[in-house]
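Read through the structure below, which is laid out as structure tokens, and then see the notes.
The values are calculated or read from the model by the stated rules, or taken from the named source; none is laboratory data. Predicted model only: the values in this text are computed from it and were never measured. Reconstructed Cβ throughout: ideal geometry from the backbone, glycine too, with neighbour counts over all protein chains shown. Remember, those area values only see protein heavy atoms, side chains included, never the ligands or the DNA or RNA. Shrake-Rupley method; radii C 1.70, N 1.55, O 1.52, S 1.80 Å.
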Amino acid sequence: ATIQPAAISATTTGATVDTLGYDSVGVMLHVGVVTTADASNYFTIAWEHGDKSDMSDAADAADYLTKVQGGTMPTKVALTTGDEVTYTAHYFGSKRYIRCKITETGTAVGDFCAFVQLAVPGIAPVS
């Protein structure tokens, strides 16, 4: 998991996932219960990718995500977005590292988790 399941009330930067050796990468965002979210209290969701392990070159990966299920991957989550929803997408960028970053604005609170699924290894089995 890049972001372990948790109640989030502050900006949270997920763990960086190394995609080296995999030809297919999927990303998943689960939005649980969201409270106290409105026009001025919300979350901004960003999938970031880069070639440096410390993500000092992190850039928005939104243009490299293709929807798989659950609707288009949201960039903003407020109370009206709906909760208890899972979004999945295929990442087709060429960067080695990827992570999720959730930025909280105002006093919103929400349950989130974000995962990266590595598939189609160049060499198998993978240990």
- Note on the structure: Conditions (1) in a strand (DSSP E or B); (2) open to solvent by 70 Å² or more (accessible area, probe 1.4 Å); (3) closer than 24 Å to S127 by Cα -> A7 fails only (3)
- Message: Condition first: of a type in the set (D, E) and over 18 Å from K95 (Cβ atoms). Can you find one or more residues in the range 7-23 that meet it?
- Response: no
- Could we say that G14 is within 14 Å of the chain's Cα centre (by Cα), small (G, A, S), open to solvent by less than 50 Å² (accessible area, probe 1.4 Å) and modelled with pLDDT of 90 or more here? yes
- Checked pairs for the range 91-110, first in contact (Cβ under 8 Å) with a residue 40 or more places away in the chain, second small (G, A, S) and open to solvent by 60 Å² or more (accessible area, probe 1.4 Å), C-beta under 6 Å and 6 or more apart or across chains, list as G106/S40; V109/S9
- So which residues in the range 5-44 are of a type in the set (D, E) and out of contact with any Phe, Trp or Tyr (no Cβ under 9 Å at 6 or more places or on another chain)? D23, D38
- Item | Output for the range 25-47, where each listed residue is among the hydrophobic types (A, V, I, L, M, F, W, C) and open to solvent by 50 Å² or more (accessible area, probe 1.4 Å) | V33, A39
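Can you tell me which residues in the range 82-105 are more than 12 Å from the chain's Cα centre (by Cα) and either surrounded by 15 or more Cβ atoms within 10 Å (Cβ to Cβ) or under 29 Å from L20 (Cα atoms) (or both)? First the steps, then the outcome.
Let us first name the residues in the range 82-105 that are more than 12 Å from the chain's Cα centre (by Cα), namely 82-85, 92-97, 104-105.
Scanning the range 82-105 gives D83, V85, F92, G93, S94, K95, R96, Y97, E104.
How about the range 106-115: which of its residues are open to solvent by 30 Å² or more (accessible area, probe 1.4 Å) and aliphatic (A, V, I, L, M)? It would help to see each step written out before you state the result.
Initially, the range 106-115 is screened for residues open to solvent by 30 Å² or more (accessible area, probe 1.4 Å), giving 106-107, 109, 111, 115.
Selection gives V109 alone.
Among the residues of the range 48-63, count how many are open to solvent by 90 Å² or more (accessible area, probe 1.4 Å) and over 13 Å from A15 (Cα atoms). Outline the logic, then answer.
Just the residues of the range 48-63 that are open to solvent by 90 Å² or more (accessible area, probe 1.4 Å), to begin with: 52, 54, 60, 63.
If we keep only those that are over 13 Å from A15 (Cα atoms) too, we end up with 52, 60, 63.
Qualifying residue count, the range 48-63: 3.
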